[in-house]
1. Which GluC sites (Glu not before Pro) in the stretch 39-111 sit in a loop by DSSP (not H, G, I, E or B) and have at most 15 other Cβ atoms within 10 Å of their own Cβ?
2. For MET161, MET207, write out the residues from largest to smallest accessible area, computed with a 1.4 angstrom probe and no ligands counted.
3. Report, to the nearest 10°, how far helix 25-35 tilts away from the longest principal axis of the Cα atoms in the chain, using its own Cα long axis and a range of 0 to 90°.
4. Grab the DSSP H runs of the chain that are 4 residues or longer, score each as -39,500 (n - 2.57), total them, divide by all residues and round the 222 nm result to the nearest 500 deg cm²/dmol.
5. When a/c is below 1.5 the answer is rounded, else prolate if a/b is larger than b/c, else oblate, so apply that to the chain with a ≥ b ≥ c taken from the square roots of the Cα gyration tensor eigenvalues.
6. For the stretch 1-151, just list the percent of Cα-Cα distances falling in each 10 Å bin from zero outward, please.
7. Sort ARG53, ARG180 by accessible area with a 1.4 Å probe, largest first.
8. Leaving ligands, DNA and RNA out of it, report the carbon-plus-sulfur percent of the accessible area of the chain at a 1.4 Å probe.
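The values are calculated or read from the model by the stated rules, or taken from the named source; none is laboratory data. Note that the coordinates shown come from a computational prediction; the quantities given were computed from them, not determined experimentally. When we count neighbours, we look across all protein chains shown, and the Cβ atoms used for this are built from the backbone with ideal geometry, even at glycine. The area values use the complete protein model at the heavy-atom level, side chains included, leaving out ligands, DNA and RNA. Shrake-Rupley method; radii C 1.70, N 1.55, O 1.52, S 1.80 Å.
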Amino acid sequence: IIALAKRYNCKVMLYSNGVGPLNKEMNKKFAAKVLNNVDLITLRDGASYETLREINVTNPNIKVTADPVFGIEDYNRAAGRAILNMFGVPENKRTMVVSVRKTKDTNQKIESTLARLCDYAAEKYNCAVVFVPMQINKDEQISINIREKMTNPSYVIDRRMSVSQIISIMASSDACIGMRLHSLIYSAIGNVPIMAISYDPKIESFMEYINQSICIGITELTDENAFFSLDELFNNYDKIKEALLVGYSKLKEKAL
């Protein structure tokens, strides 16, 4: 599409893209050829910039900005709490949002580990665990699978929500365990400490970009490192919130 646009002399901008992974040499060469001809490239993280340089994109008009969603201000904590109340989530507990997705690595073993992690949060930190599918048609079933493996009660937001509603839910919560990139972004916007589970390099890139370190690769996920990471989150809770606020302010400015 980009090559066709340039063929007909259209101006082309890549708007806050994430780039990679690019594995096949043919794809790298073709991408570089096309991207060297566009008028402006803005990227949502530094890792994408490095990827372009590695595949020999020499276009001088490249800027690292941030995901556009960091510019969103249309959310409301009270509205988020009202949605949680609608789904029966108790107010006398911490709220821990969980956003998971199906990947080639999310087998029953991973689901069971995540279920034990959620139970650990419920029992040690008095958390009400709330599954929030970012893509309801893709993420709801794995959320239900994990919920059914838990021994403590949990909740699933099994209804399609707008972006502002999801950010409102996140912002009214106390912690987030996220696989979906935008669950991490929405939590950062709401100043909610996050534990990332990485299935793709973009997750690690984002966590590095906002100077957050609690991130486990999906294939390395075990009870031991999952519980340790959640302990790290709650033991350093205030410091994490302070760091997130600084990181969010910078990314909001870049997004705008």
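1. Details: sites: GLU50, GLU54, GLU73, GLU91, GLU111; in loops: GLU73, GLU91.
Taking the stretch 39-111 and a limit of 15 other Cβ atoms within 10 Å, the loop GluC sites (Glu not before Pro) found are GLU73, GLU91.
2. On the way: MET161 35, MET207 5 Å².
Per-residue accessible area, sorted high to low, gives MET161, MET207.
3. Between the helix axis and the principal axis of the chain, the angle is about 70 degrees.
4. Numbers: 11 runs with 127 residues, N = 256.
Calculated mean residue ellipticity at 222 nm is -15000 deg cm²/dmol.
5. prolate
6. The calculated distribution, bin by bin, is 10, 25, 22, 22, 16, 4, 0.
7. Numbers: ARG53 85, ARG180 25 Å².
Output order, biggest surface exposure first: ARG53, ARG180.
8. Values: 6320 of 12890 Å².
Whole-percent figure for carbon plus sulfur exposure: 49.
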